[in-house]
Amino acid sequence: MNTTILRKSVLGIAGLAFAGGLAAGPLNHHATTTDTGTGDARPVAAVQADKTVDAGKLIPHGVQGAQSRIDLDAEQTTNAKAIIAATKKAGLDERAAVISIGTALQESKLENLGHLGDRNDHDSLGLFQQRPSSGWGTPEQITDPEYATTAFLKGLKQVDGWQDMPLTDAAQTVQVSAYPDAYAQWEQQAADLVTQHWNNS
């Protein structure tokens, strides 16, 4: 066989193999890191390229103030996923999930709290520390993550312009907390959780 033809054949096959590798090969699963402001680099899960969550949509105004971060156990992670699933079921986007998770991080550290006895804030319960006496639902309802999230989102949807508000302002308008600025510290971790779990919740 002519060496020029052979060379072109080999290069053609190599080119097809390379193109096929791009289309069918493994995706890049390297984790990136984010600095929490304390010099502590934390891993952020990579998302498949065709399902990337728009980071600009998650935190449209950037974070406000120093950010807090906690390590989550399996139950807390399950609750974060439940909030994301309920947000999707309600037909809302990733920003609504960030606001919801950030709110629950502040209110309960993503723990589905029952009655805490003397440490209880009035009759507050669940992920969002909603109160049966304030009309959020029965104790059984507001300790159900899907119900509690749906109730929070119903309140959020009544806030004009919530999509464009800083997280702490949107959360405070729904929650009416004695500490209105406290929600801001959880925005980065909430966004990281949405990035990590939006496509598998």
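The values are calculated or read from the model by the stated rules, or taken from the named source; none is laboratory data. What you see is a predicted model; the values in this text were computed from it and never measured. Please note: Cβ atoms are built from the backbone with ideal geometry, for glycine as well, and neighbour counts cover all protein chains shown. For the accessible areas, the whole protein counts, side chains as well, though only heavy atoms, and no ligand, DNA or RNA atoms are used. Shrake-Rupley method; radii C 1.70, N 1.55, O 1.52, S 1.80 Å.
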Which of 57, 89 is most accessible, then next, and so on - probe 1.4 Å: 89, 57
Going from most exposed to least, what order do 100, 68 have by accessible area with a 1.4 Å probe? 68, 100
Calculated SAXS-style log₁₀ I(q)/I(0) at q = 0.13, 0.18 Å⁻¹ - region 63-180, Debye, Cα scatterers: -0.46, -0.91
Within 10 Å of each candidate Cβ there may be at most 16 other Cβ atoms; applying that plus a DSSP loop requirement, which chymotrypsin sites (Phe, Trp or Tyr not before Pro) in region 114-201 survive? none
What do you reckon, how do 138, 168, 195 stack up by accessible area (1.4 Å probe), largest on top? 138, 195, 168
Once all protein chains are kept in place, residue 73 shows an accessible area at probe 1.4 Å, nearest 10 Å², of 80
Which shape class, rounded, prolate or oblate, goes with region 143-201 when its Cα gyration tensor gives a ≥ b ≥ c as root eigenvalues, a/c under 1.5 marks rounded, and past that a/b bigger than b/c marks prolate? oblate
Non-local residues with an amide H under 5 Å from the amide H of residue 130, with H modelled 1.01 Å from N and Pro and chain starts lacking one, are 125
With a 1.4 Å probe and every protein chain left in place, tell me how much accessible area residue 61 has, in Å² to the nearest 10. 110
For residue 57, give me every one of the lysines with a C-alpha distance below 18 angstrom, ignoring sequence neighbours fewer than eight places off in its own chain. 88, 157
Heads up, I need the accessible area for residue 84: 1.4 angstrom probe, whole protein in place, Å², nearest 10. 0
What is the distance, in nm, between label points placed 7 Å from the Cα along the Cα-to-Cβ direction at residue 77 and at residue 140? 3.1
